[in-house]
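Bear in mind that the values in this text are calculations on the coordinates, not laboratory data. These numbers were taken from a predicted model, which means no experiment stands behind them. For neighbour counting, all protein chains shown are included, and Cβ atoms are generated from backbone atoms with ideal geometry for every residue, glycine included.
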Amino acid sequence: MIRDLDPAGVGRLERQTDEGAQELRARSREAVLPGGPWPEGLGDTMIVNMGPQHPSTHGVLRIMMELDSEEVLRAKAVVGYLHTGMEKTAEELSYVQGCTNVTRMDYASPLSNELVYSMAVERLLDLEVPQRAVWIRMMMAELNRMSSHLLFQASNGMDLGAVSMMLYGWREREEVLRLLEMITGLRMNHNYIRVGGVAADLPDGWQEATLAAMDLVEKGVAEYDALLTENPIWLERTVGVGLITVEECLALSITGPVLRSTGFAWDLRKAQPYLAYDDVDFDVIYTENGDVFDRYRIRLYEILESAKIVRQCVERMPAGDYRTQDHKVTPPPRERINESMEALIHHFKLFTEGFRVPAGETYVAVESPRGEIGCQLFSDGSARPVRMHIRGPSFYNLQAMGPMVRGGLVADAVAIVSSIDPIMGEVDR
Amino acid sequence: MSDDAGAPAAPPVPSDEVAAAVLERFPEAVFADSHGQAVVYVARSAWAEVAGFLRDEQGFSMCVDVTAVDHLLDGVRHSPSGVSPERFEVVANFLAPARNRRIRAICEVPEGEASASSLTPVYPGANFAEREVFDLLGIVFEGHPDMTRILMPDEWEGHPLRKDYAPARVPVTFKGDPAPR
């Protein structure tokens, strides 16, 4: 049965007031936050390592768990296995080169990283971006949100034993990646959103290709919904599992779908609009229960909201420049270099030395598929940042794992980690 | 430009109501408008106290981010008048979702005594972030429940994001490599 997929009806998501879930939720409220005292009087317990090479830990996350038979008494995330010093690297790269670096952090949604970094540099430069660039950026960010959430649907299905879901998720994600490749030239790590605009204008025929991909993805989402949302096995594994409350989320700096699953409709696209998000029509999806099931369906319906935004972008894409014409920031077109000495000098200066950014500091935040991604930038007036820090939402959201896992079963821990959707490239940077 | 030489102007009057409240409570704090964002420079001794004030009396229920920076090699040191710059700065971003406001607090940390009080007792979410700052910049947060390395291996020496930490200090080796020439 394919359910009505009108995403405007946010209220229809409010169900699941199962008594067991309520009770588990009350227990989760009492759970001690990380850093607090461990439970007293432990009997015959066992410490077990999950990962760093466990297939369900999404890369190289290691979870230390103390078990009393099947029950998890406490759990601790051990990270750093993918640390490659990208923030140190950023200090060695010029602002022009910086995008290439940040795009590799959250490899499932590289465009959010590029976006937040570019916006931070632009704020220090006091640079206005042309309207077309703003809309292209918004469309790309939403396409990337779709591919990221489709990846989540695939891996979440696999983690919970719904292997067919993995194949379906990859199938639709492929359609979005093909579109991203058509526009940016690359499937991942695009380096497309750059300081001053985007790297290239939209290619011929992008409207048709985008709309065709949206049709396929919306059809796919309806299929996932039919396959999983009312599937008794799926509900058994996810409803009432991994509960967390609004208060815990706020205290632990949790953002994104995990926060929205607790009944708090906090989305930076609506709350603190950037790009042109206050110009487009979309809904913030939120639910009340704060369990694994809610986080699954929030991400599922967010795909449809993103598709809605992408369709509006196709319809309303403004004409004009796709990057600023300030040649101190944007390289001149290739053809100009053959005929203009000035263009040649600008090109040479940009790619050898880069542009200088006035001394100062700033913090810019946008909503990535995983929550608030922020860029804290310090400049000393040279062409390289003194410090470029990315506030990775996965890094903070992992802190929710401890309170969520406590008191549940080992098999639930797999579901819970999956529902946080951490990307280790962003956690470890 | 606030960092220009010459007679320093009087510190700007906060245009932001939260910053004004912080300045009223902590008179030694300095307000700065950083590209339209409210920033308060607070004394290191009042660091955790300011966070407690923001959470309990101003509704800043979320500490979004804690990070730090090493200004050892800055060409131009950007620092508002009224702040005596030190080598390190610890930065915390706070968010009040109910009021939809942000504020950033910065405290100066001297080289000789690289420590600050931990925000983790006030905001449990600062736990990982403070461990990261300790790991990469060697700033110790007093009162943190688990002040250990988080990204680098436990036995690592030095703090990589310090400017006097030489990159490529450890040679990259590959399996079956000939001995270094």
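Extension gain A:ARG336-A:ALA222, at 0.36 nm per residue separation less the Cα-Cα distance, in nm?
Net length gain for the segment: 36.1 nm.
For segment A:62-101, averaging the sequence separation of C-alpha pairs within contact (under 8 Å, six or more residues apart) and dividing by the residue count gives a relative contact order of 28 percent.
Charges at C-beta only: +1 for Lys and Arg, -1 for Asp and Glu. How large is the resulting dipole of segment A:219-301 about its Cα centre, in Debye rounded to 20?
Values: 8 positive and 14 negative charges, 45 e Å.
The calculated dipole for segment A:219-301 is roughly 220 debye.
Its Cα gyration tensor gives segment B:102-152 an equivalent ellipsoid; the semi-axes, largest first and in whole Å, are 16, 15, 10.
Once each part is reduced to its C-alpha centroid, what is the distance from segment A:308-365 to segment A:183-256 in angstrom? Between the Cα centre of segment A:308-365 and that of segment A:183-256, the gap is 28 Å.
Of the GluC sites (Glu not before Pro) in segment A:323-418, the ones in a loop by DSSP (not H, G, I, E or B) with at most 13 other beta carbons within 10 Å are A:GLU353.
Close amide H pairs (under 5 Å, H built 1.01 Å from N) link A:VAL241 with A:VAL292, A:PHE293, residues at least 5 positions away or on another chain. Of the trypsin sites (Lys or Arg not before Pro) found in segment B:6-94, those in coil by DSSP whose Cβ has at most 13 other Cβ atoms within 10 Å are B:ARG77.
Taking a straight line from the alpha carbon of A:LYS219, these lysines sit under 27 Å away, with near neighbours fewer than eight places off in the same chain left out: A:LYS270, A:LYS308. Here the 3J(HN,Hα) profile of segment A:386-398, calculated from phi with Karplus coefficients 6.51, -1.76 and 1.60 at θ = phi - 60°, is 5, 7, 10, 10, 9, 7, x, x, 4, 4, 6, 5, 4 Hz, Gly and Pro shown as x.
Projecting the Cα atoms of A:GLY51, A:GLY197, A:ALA141 onto the charge dipole of the protein assembly as shown, computed from C-beta unit charges around the Cα centre, puts A:GLY197 farthest toward the positive end. Taking a straight line from the alpha carbon of A:LYS88, these lysines sit under 21 Å away, with near neighbours fewer than eight places off in the same chain left out: B:LYS163.
Note on segment B:82-129: the C-alpha convex hull projects to 4.5 nm² when averaged across all orientations.
The translational diffusion coefficient of the protein assembly as shown, from Stokes-Einstein at 20 °C and 1.002 mPa s with a Kirkwood hydrodynamic radius over alpha carbon pairs, comes to 85 µm²/s. Placing unit charges on each Cβ (+1 for Lys and Arg, -1 for Asp and Glu) gives the protein assembly as shown a dipole about its Cα centre, and among A:LEU73, A:ALA413, B:LEU72 the Cα reaching farthest toward its positive end belongs to B:LEU72. Cα gyration tensor of segment A:352-429, axes a ≥ b ≥ c as square roots of the eigenvalues: rounded (a/c below 1.5), prolate (a/b > b/c) or oblate? In terms of gyration-tensor shape, prolate.
Between A:ASP279 and A:ASP201, the modelled labels are 1.8 nm apart [label points 7 Å from Cα along Cα→Cβ]. Loop-located GluC sites (Glu not before Pro) across segment A:45-129 with a Cβ neighbour count of 12 or fewer within 10 Å are A:GLU70, A:GLU128, with loop assigned by DSSP.
Of the three principal axes defined by the Cα atoms of segment B:25-90, the extents in descending order read 39, 27, 24 Å.
Translational diffusion of segment A:40-176, estimated by Stokes-Einstein from the Kirkwood radius over alpha carbon pairs at 20 °C in a medium of 1.002 mPa s, is 117 µm² per second.
Stokes-Einstein D for segment A:86-428 at 10 °C, 1.306 mPa s, Kirkwood Rh over Cα pairs, in µm²/s? Translational diffusion coefficient: 77 µm²/s. The residue among A:GLY242, A:SER340, A:LEU177 whose Cα reaches farthest toward the positive pole of the charge dipole of chain A, with charges on the beta-carbon of Lys, Arg, Asp and Glu, is A:SER340.
Give me the lysines in straight-line cross-link reach of A:LYS328: C-alpha distance below 16 Å, same-chain residues under 8 apart excluded. Result set, ordered by chain and number: A:LYS349. Close amide-amide hydrogen proximity is noted between A:GLU372 and A:THR255, A:GLY256, each under 5 Å apart and 5 or more residues distant or on a separate chain (H modeled in the peptide plane; Pro and chain starts excluded).
Here the protein assembly as shown is treated with +1 on each Lys and Arg Cβ and -1 on each Asp and Glu Cβ, and its dipole about the Cα centre works out to around 1060 debye. Once C-alpha pairs closer than 8 Å and six or more residues apart are averaged by separation and normalised to the residue number of chain B, the relative contact order reads 18 percent.
Think of it as helices only: each DSSP H run of n ≥ 4 in chain B is worth -39500 (n - 2.57), and spread over all residues that comes to -5500 deg cm²/dmol at 222 nm. Per-residue ellipticity at 222 nm from helix content only, as computed over chain A with -39500 (n - 2.57) for each DSSP H run of at least four residues, stands at -14500 deg cm²/dmol. Here's the picture: a label point sits 7 Å out from the Cα of B:ASP56 along the beta-carbon direction, and within segment B:117-158 the residues with their amide nitrogen under 20 Å of it are B:117-127, B:142-145.
Taking Cα centre as origin and charging only the Cβ of basic (Lys, Arg, +1) and acidic (Asp, Glu, -1) residues, the dipole magnitude of segment A:86-428 rounds to 600 debye. Computed 3J(HN,Hα) for segment A:246-259, one whole-Hz value per residue from the Karplus formula 6.51 cos²θ - 1.76 cosθ + 1.60 where θ = phi - 60°, is 4, 4, 5, 4, 5, 5, 8, 6, 8, 10, x, x, 5, 5, glycine and proline marked x. Gyration tensor analysis over the Cα atoms of chain B returns equivalent ellipsoid semi-axes of 34, 21, 13 Å (largest first, whole Å). Taking every alpha-carbon pair under 8 Å whose residues sit at least 6 apart, chain A reaches a relative contact order of 26 percent. Taking a point 7 Å out from the Cα of B:ASP33 in the direction of its Cβ, the residues of segment A:364-393 whose backbone N falls within less than 19 Å of it are A:364.
Quote the FRET efficiency, to the nearest 0.05, computed for B:MET147 versus A:ALA265 with a Förster distance R0 of 25 Å and r equal to the Cβ-Cβ distance. The value I calculate is 0.10.
Extension gain, A:GLN97-A:LEU211: 0.36 nm per intervening residue step, less the Cα-Cα distance, totals 37.8 nm. Taking amide H as placed 1.01 Å from N in the peptide plane, B:ARG101 has its amide H under 5 Å from the amide H of B:ALA96, each at least 5 places away in sequence or on another chain. Extending 7 Å from Cα along the Cβ direction at A:GLN131 and again at B:ASN100 yields two label points whose distance is 2.3 nm. Of all DSSP-defined beta bridges confined to chain B, some 75% are antiparallel rather than parallel.
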